[in-house]
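Student: Sharing a structure below in structure tokens format, with a few things to ask.
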């Protein structure tokens, strides 16, 4: 469904959910296939954390749109991801206040911060390491990925599918903004799916990402981040499926006493509708179940279609 939308991690190459069942070139299975996937993650963060040495404020709305093109190449599948990032004041604060009140969820620092404003700042030992107070938008770092099917190759839906993926994130964005890290990142991922009858599907992914030395807190940045996600999808009625995903990753920064730099745990719930003409529409919401370690709330939208050459 999604990955962590923490604004400080927006330029890093942590992998998004990847497919376990791949299409690849095979003269016996008919024409080649390609697919397009567009996603929008619309989130809001309200963080105010302090220790004896540090002070962190993250009061911002983020929108991450991704265009993803998948194409078979030999026995592999190629994947290009082009993200577009926005960070600014936004309009979600009042909606999130109502959402938290309705479900009795913790508000964190939100009541102490101005409505629909932006400030992303961090001070350490009396030195300001970054302080962004104006909105910014533009293209992010592009990712190139290659997948190798391990089971459930090509053709129709398989009961069990698995794939290995290698991802390379390139420093194509402006490294002076939070849209890019200014470094090359590399990830390896193992992905699996299993179906139980015609109603239930489960999925899981484990990844290890090597982070090149970036421009955001380079002295505190770790070299490796481990991440994992898992979830379930169930057919509710007709073409409508409900989905749940739990996502976790280790910290990308070291040497801090603040929770926002710690490991993250995120719960996403939503659903998808599979149209008869091949389009799939996703919608959902994610919440930081480890409070103050990721955005308070993220709205998730996606549109997917597979085509034939």
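The values are calculated or read from the model by the stated rules, or taken from the named source; none is laboratory data. As the structure is a prediction and not an experimental result, all values here were calculated from the model. Here the Cβ is made from the backbone with ideal geometry for all residues, glycine too, and neighbour counts use every protein chain on show.
So that you can scan it fast, the table gives a plain yes or no per residue for (1) at pLDDT 95 or above; (2) more than 14 Å from residue 92 (Cβ to Cβ); (3) buried (at least 19 other Cβ atoms within 10 Å of the Cβ):
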position	(1), (2), (3)
23	no, yes, yes
30	no, yes, no
33	no, yes, yes
46	no, no, yes
55	yes, yes, no
59	no, no, yes
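Student: Considering only residues that are in contact (Cβ under 8 Å) with a residue 24 or more places away in the chain and over 19 Å from residue 190 (Cα atoms), which ones fall in the range 234-249?
Tutor: Correct list: 234, 235, 236, 239, 240, 241, 242, 243, 244.
Student: Of all residues in the range 71-80 being under 23 Å from the mean Cα position of the chain (by Cα) and either buried (at least 21 other Cβ atoms within 10 Å of the Cβ) or not in a strand (DSSP E or B) (or both), which is modelled with the lowest pLDDT?
Tutor: The residue in question is 77.
Student: Still on this model: Hey, can you tell me all the residues within the range 264-273 that are surrounded by 15 or more Cβ atoms within 10 Å (Cβ to Cβ) and without any contact (Cβ under 8 Å) to a residue 60 or more places away in the chain?
Tutor: Residues of the range 264-273 surrounded by 15 or more Cβ atoms within 10 Å (Cβ to Cβ): 264-272.
Passing the criteria: 265, 267, 269, 271, 272.
Student: Being touching a strand residue (DSSP E or B) at 6+ places or on another chain (Cβ under 9 Å) and not in a strand (DSSP E or B): is that true of residue 257 here? Break it down into steps so the answer makes sense when it comes.
Tutor: Details: touching a strand residue (DSSP E or B) at 6+ places or on another chain (Cβ under 9 Å): yes; not in a strand (DSSP E or B): yes.
Considered against the rule, which asks whether it is touching a strand residue (DSSP E or B) at 6+ places or on another chain (Cβ under 9 Å) and not in a strand (DSSP E or B), residue 257 comes out as yes.
Student: So which residues in the range 232-254 are part of a loop (DSSP other than H, G, I, E, B), in contact with a strand residue (DSSP E or B) (Cβ under 7 Å, 6 or more places away or on another chain) and farther than 26 Å from residue 124 by Cβ, if there are any at all?
Tutor: Going residue by residue through the range 232-254, those that are part of a loop (DSSP other than H, G, I, E, B) are 238-239, 250-252, 254.
Next, from what is left, pick out any that are in contact with a strand residue (DSSP E or B) (Cβ under 7 Å, 6 or more places away or on another chain): 239, 250, 252.
Within the range 232-254, 239 is the sole residue that qualifies.
Student: A further question on this structure: Run down 254, 201, 185, 176 and say which single residue is modelled with pLDDT of 90 or more, surrounded by fewer than 16 Cβ atoms within 10 Å (Cβ to Cβ) and over 22 Å from residue 299 (Cα atoms).
Tutor: Only one candidate qualifies: 254.
Student: Give the number of residues within the range 289-300 that are part of a strand (DSSP E or B) and closer than 15 Å to residue 59 by Cβ. Give the steps one after another, and end with the answer.
Tutor: Initial filter on the range 289-300 (part of a strand (DSSP E or B)): 297-300.
Subset that is closer than 15 Å to residue 59 by Cβ: 297.
Qualifying residue count, the range 289-300: 1.
Student: The conditions are (1) at pLDDT 80 or above; (2) surrounded by fewer than 17 Cβ atoms within 10 Å (Cβ to Cβ); (3) in contact with a strand residue (DSSP E or B) (Cβ under 7 Å, 6 or more places away or on another chain), and residue 125 fails exactly one of them. Which is it?
Tutor: Going through the list (1) at pLDDT 80 or above; (2) surrounded by fewer than 17 Cβ atoms within 10 Å (Cβ to Cβ); (3) in contact with a strand residue (DSSP E or B) (Cβ under 7 Å, 6 or more places away or on another chain), residue 125 breaks only (3).
Student: Among the residues of the range 1-16, what is the count of those that are under 10 Å from the mean Cα position of the chain (by Cα) and not in a loop (DSSP other than H, G, I, E, B)?
Tutor: Selection size over the range 1-16: 1.
Student: Can you find a residue in the range 208-228 that is touching a residue at least 12 places away in the same chain (Cβ under 8 Å), farther than 26 Å from residue 22 by Cα, under 15 Å from the mean Cα position of the chain (by Cα) and in a loop (DSSP other than H, G, I, E, B)?
Tutor: No, the range 208-228 contains no residue that is touching a residue at least 12 places away in the same chain (Cβ under 8 Å), farther than 26 Å from residue 22 by Cα, under 15 Å from the mean Cα position of the chain (by Cα) and in a loop (DSSP other than H, G, I, E, B).
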